[in-house]
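Everything below concerns the one structure shown next.
The values are calculated or read from the model by the stated rules, or taken from the named source; none is laboratory data. The shown structure was predicted, so the numbers you read here are calculated from the model rather than taken from an experiment. Heads up, the Cβs are rebuilt from the backbone with ideal geometry, glycines too, and the neighbour counts pull from every protein chain shown.
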Amino acid sequence: MAPPRPQPFEGRAGPAADIERTARALLARMTLAEKLGCLDGDTPFWSGMAEIATQDASHRHPWPAGVVPRLGIGGLHFVDGPRGVVLEGGATTFPVPIARGASWDPELEERIGVAIGLEARSFGANWVGAVCVNLLRHPGWGRAQETYGEDPVHVGAMGAALTRGLQRHTIACVKHFALNSIDGCRFLVDVQASPRVLQELYLPHFRDCVDAGAGSVMSAYNRVNGEWCGQHPQLLQGLLKDRWGFRGFVVTDFIFGLRDGPRALQAGLDLEMPFPMILAGSLGPAAGHPLSAAQLARIDDAVLRQLRVQLAVPAGR
């Protein structure tokens, strides 16, 4: 097996070794409660759901996670954004990615990524869900306009360009890993694909974005070959982290992207968004039993990944 390639997002705010030392020093000072708090979003569930239902909260403010005031850790602040920063108040609406894909112009797409990243920072966000690279396969897919097309080479080139642009100022979030191409039964469907089909068609464009420096990857709602993507050890740990050398963090798709907290944690999931839900209720004191050594090690790894990526975001706008 070839050694993992270095991740370009490291070192943008300073030497990679300094970022790693700082992240590990912060981790060593954190209490277990603070670490557990970094595994899910910081918005309470019921008030957050009410805000979404009554005030369209998804379009009004970034979603926070991993804020630790005691240690001066500012946390992650997420906004959606395939067509630009999806917030009210003056953000630019760019052509949708399916239209930008028709340009066949990665250089232009990288410039759009820079612009989206700068606007996200102006709204107080440092993390943007703007890199949708699922292949367009089903005419009823609700996110058809948010990807670039149906060819993995084309989608990979455009997604990598957007990633590079975003990572100059923010954390890019590549989604939805993997084989998410239908909405009507996305919480039920089990996509069956052979290893060759996966490696040649449905995964190369995700690796292109990882190699371009993506700081985060979002898991999909669906299952792949019998396992839910948010707790899929072969996809998250075996392929993404071990084989591709991804050093960023893995986040769930929002609200209902997780089924089994302990299983997901051990499979390589690092963060549940945007509320404390499954992980918060199934680990440590909330579950009524102590954490195992393997769980503690995995929690440390998850938090370290988040800290590492946060520290690599350049200061200012």
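Taken as a whole, the structure leaves A160 outside the set of residues that are assigned to a strand (DSSP E or B) and surrounded by 22 or more Cβ atoms within 10 Å (Cβ to Cβ).
Of all the residues in the range 17-71, those that are over 20 Å from V128 (Cβ atoms), among the small types (G, A, S), without any contact (Cβ under 8 Å) to a residue 12 or more places away in the chain and surrounded by 12 or more Cβ atoms within 10 Å (Cβ to Cβ) number 1. H232 fulfils the conditions (1) under 23 Å from G140 (Cα atoms); (2) free of Cβ contacts under 8 Å to residues at least 40 places away in the same chain; (3) buried (at least 24 other Cβ atoms within 10 Å of the Cβ) except for a single criterion, (1). For G142, the test of being within 22 Å of the chain's Cα centre (by Cα) and buried (at least 19 other Cβ atoms within 10 Å of the Cβ) is failed.
Within the option set P95, P64, being modelled with pLDDT of 95 or more and either of a type in the set (G, A, S) or in contact with a Ser or Thr (Cβ under 8 Å, 6 or more places away or on another chain) (or both) holds for one residue only, P64. Considering the conditions (1) closer than 15 Å to V313 by Cα; (2) part of a loop (DSSP other than H, G, I, E, B), L118 is excluded by exactly one of them, (2). Here L201 clears all of (1) over 14 Å from the mean Cα position of the chain (by Cα); (2) modelled with pLDDT of 95 or more; (3) part of a loop (DSSP other than H, G, I, E, B) except the condition numbered (3). Restricted to helices (runs of 4 or more DSSP H) entirely inside the range 8-90, no element has at least 3 residues that are among the β-branched types (V, I, T) and touching a Cys at 6+ places or on another chain (Cβ under 6 Å).
Helices (runs of 4 or more DSSP H) fully within the range 261-317 that include at least 3 residues being under 15 Å from the mean Cα position of the chain (by Cα) and crowded, with 23+ Cβ neighbours inside 10 Å: 293-311.
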